[in-house]
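The next block holds one structure in the form of structure tokens; read it before the comments.
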Amino acid sequence: MILKKISVLNYKNIAQAELDFSCKMNCFIGHNGEGKTNLLDAVYFLSFCKSATNSVDSQNIRHGEEFFMLQGEYERESGEQEEVYCGLKRRQKKRFKRNKKEYKRLSEHIGLVPLVMVSPADAALISDGSEERRRFMDMVIVQYDHEYLEALARYNKALLQRNVLLKQEEEPDGELMALWEEMMAQEGTRIYEKRKAYVEEFIPVFQDFYSRISQGKEQVGLRYVSHGQRGDLLEVIRRDRAKDRVMGYSLHGVHKDELEMTLDGYPIKREGSQGQNKTYLIAMKLAQFDFLRRTGSRTTPLLLLDDIFDKLDAGRVEQIVKLVSGERFGQIFVTDTNRDHLDRILEKTDRDYKLFHVENGVISV
């Protein structure tokens, strides 16, 4: 998939932009806080119906304005054209259209324009709680498996309702509790099986990318841990119902799934340097890209690289430049404050490119 053109109006600090992109490499140079990341976020919004950095849609409207509008013109590998539109007015529901036809449900859009974004915010994958790592798995699987997205929605509904019953002062209705537990187990088993299959295929690709970037200096691991591995999920959920009642929430289920991340056999959260952590995260995202490219519609995703070279030594930067400059990757959007980094990428590739300057929300060629 190629993003040929984007129109942006009143999105974050970008008052207006009409940009035509290279089908290969698009570089954005500018100081911090000028709007480079905001432009990438607009591209992200058109894929996921939400911002990567702010989940409150109205807060993405430019200060002093009443609405924002985003529109992207895409081209598939087959040559087929796609137009995606998003508009949001304050105090109103956002509208999403594909080829001028409005979606009934936003979930129908997810996966049309597959995308992987690498940014400094990825640090939360290592530093924060397990919710971030579950979201990492989910953000890939939902882009090629709509049944998974529906299973997640049903599981979360059942989990919420079970937790409501657990919090009641009086003894909850046993039949109702059993109903929600059965839904949690049924949908949770689907989720577990899909996550398990994804991680098993993902791990060797991730390790290969890490080895290339680090030039074999460290060994990394990734292990999926789930209550689904303990046997029948319904029995696992029901087993500690009394303890759940005391706590007021569900202690078991796929909402507790975890990805254990290791460096040379030890938790990377404890052992990794800033450069090693960043290498780990970039390798994960590049493997995510590779996985999406080979699954679903087999459409090459867009790759967004936001300020990825900070805290990396010259050797690792060199390896990343070699990787992303190759034919394995499709259309790339990369930002940096350092022109030297971008020049090194452009020197390494004979691919078509465009270089944009960003200053105070104004984007120029």
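Just a few scattered comments:
- Restricting attention to region 176-209, the residues being of a type outside the set (Asp, Glu) and farther than 20 Å from residue 251 by Cα number 12.
- Residue match in region 61-81 (condition: part of a loop (DSSP other than H, G, I, E, B), among the aromatic types (Phe, Trp, Tyr) and not assigned by TED's automatic domain parsing to the domain that holds residue 259): no
- Residue count for region 218-230, restricted to those that are out of contact with any strand residue (DSSP E or B) (no Cβ under 9 Å at 6 or more places or on another chain) and surrounded by 13 or more Cβ atoms within 10 Å (Cβ to Cβ): 2
- Filter result for residue 233 (buried (at least 17 other Cβ atoms within 10 Å of the Cβ), in the same structural domain as residue 136 (by TED's automatic domain parsing) and under 23 Å from the mean Cα position of the chain (by Cα)): no
- Looking only at region 15-60, and only at residues there that are among the acidic types (Asp, Glu) and either part of a helix (DSSP H, G or I) or in contact with a helix residue (DSSP H, G or I) (Cβ under 9 Å, 6 or more places away or on another chain) (or both), the one that is farthest from residue 103 (Cα to Cα): 41
- Top-ranked residue of region 105-131 - restricted to ones that are farther than 18 Å from residue 301 by Cβ and of a type in the set (Ser, Thr, Tyr), ranked as modelled with the lowest pLDDT: 107
Here's the yes/no breakdown for (1) more than 25 Å from residue 115 (Cβ to Cβ); (2) in contact with a helix residue (DSSP H, G or I) (Cβ under 8 Å, 6 or more places away or on another chain):
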| residue | (1), (2) |
| --- | --- |
| 151 | no, yes |
| 154 | yes, yes |
| 163 | yes, no |
| 173 | yes, yes |
| 182 | yes, yes |
| 185 | yes, yes |
| 189 | yes, yes |
| 195 | no, yes |
| 203 | no, no |
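- Residue within region 284-303 that is in contact with a strand residue (DSSP E or B) (Cβ under 6 Å, 6 or more places away or on another chain), crowded, with 17+ Cβ neighbours inside 10 Å and without any contact (Cβ under 8 Å) to a residue 60 or more places away in the chain present: no
- Test result for residue 251, of a type in the set (A, V, I, L, M, F, W, C) and not in a helix (DSSP H, G or I): yes
- Of all residues in region 323-365 being assigned to a helix (DSSP H, G or I) and under 22 Å from residue 1 (Cα atoms), the one that is modelled with the highest pLDDT: 323
- Unmet criterion (only one of (1) in a helix (DSSP H, G or I); (2) closer than 28 Å to residue 319 by Cα; (3) in contact with a strand residue (DSSP E or B) (Cβ under 7 Å, 6 or more places away or on another chain)) for residue 201: (3)
- Considering each residue of region 269-279 in turn, none proves to be in the same structural domain as residue 21 (by TED's automatic domain parsing), at pLDDT 85 or above and out of contact with any helix residue (DSSP H, G or I) (no Cβ under 9 Å at 6 or more places or on another chain).
- Flag for residue 309 being assigned to a loop (DSSP other than H, G, I, E, B), out of contact with any Ser or Thr (no Cβ under 8 Å at 6 or more places or on another chain) and at pLDDT 80 or above: yes
- Lone qualifier among 134, 190 - being part of a helix (DSSP H, G or I), at pLDDT 90 or above and under 27 Å from residue 305 (Cα atoms): 134
- Scope region 15-68; condition surrounded by fewer than 20 Cβ atoms within 10 Å (Cβ to Cβ), farther than 21 Å from residue 83 by Cβ and polar (S, T, N, Q); matching residues: 32, 53, 54, 55, 58, 59
- Hey, residue 148 of a type in the set (Phe, Trp, Tyr), in the same structural domain as residue 194 (by TED's automatic domain parsing) and at pLDDT 90 or above or not: yes
- Close contacts from region 261-282, counting a first residue that is loosely packed, with under 13 Cβ neighbours inside 10 Å and a second that is in a helix (DSSP H, G or I) and of a type in the set (Ser, Thr, Tyr), with Cβ to Cβ under 8 Å and a gap of 6+ residues or different chains, come to none at all.
- Test: residue in region 98-121 that is of a type in the set (S, T, N, Q), exposed (fewer than 14 other Cβ atoms within 10 Å of the Cβ) and part of a loop (DSSP other than H, G, I, E, B): yes
- Verdict on residue 335 being within 22 Å of residue 42 (Cβ to Cβ), surrounded by 15 or more Cβ atoms within 10 Å (Cβ to Cβ), out of contact with any strand residue (DSSP E or B) (no Cβ under 8 Å at 6 or more places or on another chain) and not aliphatic (A, V, I, L, M): no
The values are calculated or read from the model by the stated rules, or taken from the named source; none is laboratory data. Predicted model, so just to flag it, every value in this text is computed and none were measured. Cβ atoms come from the backbone with ideal geometry, glycine included; neighbour counts cover every protein chain shown.
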